[in-house]
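What follows is one structure encoded as structure tokens, with my remarks underneath.
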Amino acid sequence: MTGFSSQWLSLRESADHRARNVALRQEVIQHFEEKRPELGKSEQTPLRITDLGCGTGSNLRALAEVLPAYQHWTLIDYDPALLNAARMTLSKWADHVTAPNSGTETNTELRCLKNGKQITVNFMQVDLAKNIGNVLDNKIDLLTAAAFFDLVSPEWITRFCQSLKAPLFTVLTYDGIEKWSPAHFADQSVLNAFHAHQATDKGFGLSAGPGAIEMIRTQLSIRNFNVRLAQSPWLLQAPEDQALMQALATGSAAAVAQTNQIATSDLTAWLSARMLAQSCEIGHWDLFAIPH
Ligand SMILES: C[S@@+](CC[C@H](N)C(=O)[O-])C[C@H]1O[C@@H](n2cnc3c(N)ncnc32)[C@H](O)[C@@H]1O
């Protein structure tokens with residue numbers, strides 16, 4: 001497993017939510033406002049949303065408020081600890097919760113009421129490296145993911161795009177741009193080594209990393225999807241984002257150390273400087289693709 005901790009996901013959640021591209025999200029809202037009456041769906045028919053690599057459910061917490069009043073989410077991750085954390089975090093986040101089956105097992109359904117929205121949540125432990133075909137065979141109105149697609153391989157993206165039939169809204173796919181301030185002499189070499197680490201196997205074969213979003217755009221465009229892209233960078237500033245910047249730099253330095261591409265003294269100097277960084281920008285893209 002790639003081993004994302006719930007602490008790390010919690011630390012980044014507010015930066016993730018701030019970074020999402022508002023104009024593209026508006027296009028998603030508008031699509032469902034226009035499309036559902038066209039399909040003769042009543043207001044009470046839940047929108048069926050599947051979230052790939054859900055972590056602790058941050059994507060649901062960001063999107064639920066802008067989607068229709070009745071929603072049915074399937075949250076998918078291969079890490080049972082994260083699915084448990086998702087269940088607990090969503091239970092606290094909701095205004096009111098009922099679980100039809102008692103107990104805290106991740107496979108029991110959660111029914112949440114949040115700001116007037118009726119949200120049913122199912123949790124599924126699935127290794128998406130192996131089982132994406134089965135997931136995409138389900139009836140889905142919207143497939144979504146956050147901070148997920150840079151982990152997968154080009155071959156996996158091809159298989160995924162071949163099987164995709166539903167609209168896709170994927171946010172916060174890393175594009176490789178990092179700008180730290182103040183600048184440090186080792187910034188570029190650390191970033192190059194970080195990208196080399198990113199290209200290693202994260203369970204799906206050698207990762208697409210920063211190339212992922214362009215691969216999805218190309219693959220879906222040739223399959224006749226209407227694909228829209230918009231930038232969603234993290235814009236982090238001290239002091240409010242200091243803890244996130246420090247955790248980010250620490251994680252990057254640990255990954256870079258594994259590549260043996262940077263002298264230890266340079267990496268140590270870079271990390272010390274980054275503990276005191278004033279700001280940083282991390283590039284991401286959001287993508288909304290609708291089948292014709
Ligand atoms: C960067 S985290 C993003 C989590 C969440 N979407 C968010 O925005 O907070 C990537 C997620 O993908 C999940 N993941 C990685 N490889 C996976 C696989 N093969 N099958 C299912 N989930 C996977 C991880 O467990 C993790 O929760």
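What follows is calculated from the coordinates using simple rules that are stated; it is not laboratory data. As the structure is a computational prediction, the values presented were derived from the model and not from experiment. Please note: Cβ atoms are built from the backbone with ideal geometry, for glycine as well, and neighbour counts cover all protein chains shown.
In table form, for the structure just shown:
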read-out: Kyte-Doolittle mean at least 0.5 and Cα axial length at least 20 Å: DSSP H helices in the chain; value: 242-259
read-out: Gyration tensor over alpha-carbon atoms, the stretch 1-44, equivalent ellipsoid semi-axes in Å; value: 33, 15, 9
read-out: Separation between Cα centres of the stretch 132-200 and the stretch 275-292, rounded to whole Å; value: 11
read-out: Projected area averaged over orientations for the stretch 220-264, convex hull of C-alpha atoms, nm²; value: 6.0
read-out: Kirkwood estimate for the stretch 58-152, i.e. one over the average of 1/r between Cα atoms, Å; value: 14.0
read-out: Student exercise, the stretch 1-58 dipole from Lys, Arg, Asp, Glu Cβ charges, in Debye to nearest 20; value: 100
read-out: Partner lysines for residue 202 [C-alpha distance under 26 Å; skip if fewer than 8 residues away on the same chain]; value: 130, 165, 179
read-out: Check: the chain dipole with +1 on Lys, Arg Cβ and -1 on Asp, Glu Cβ, in debye; value: 540
read-out: Sequence-distant residues sharing a close amide H with residue 153 (under 5 Å, placed H); value: 208
read-out: Quarter of the Cα convex hull surface for the chain, i.e. its orientation-mean projected area (nm²); value: 15.0
read-out: Debye log10 I(q)/I(0) for the stretch 21-90, one point scatterer per Cα, at q = 0.16 Å⁻¹; value: -0.62
read-out: Dipole magnitude (debye, nearest 20) for the stretch 91-191, charges at Cβ of Lys, Arg, Asp, Glu; value: 360
read-out: Positive-end residue, the stretch 161-292 charge dipole about Cα centroid, Cβ charges, pick of 262, 205, 273; value: 205
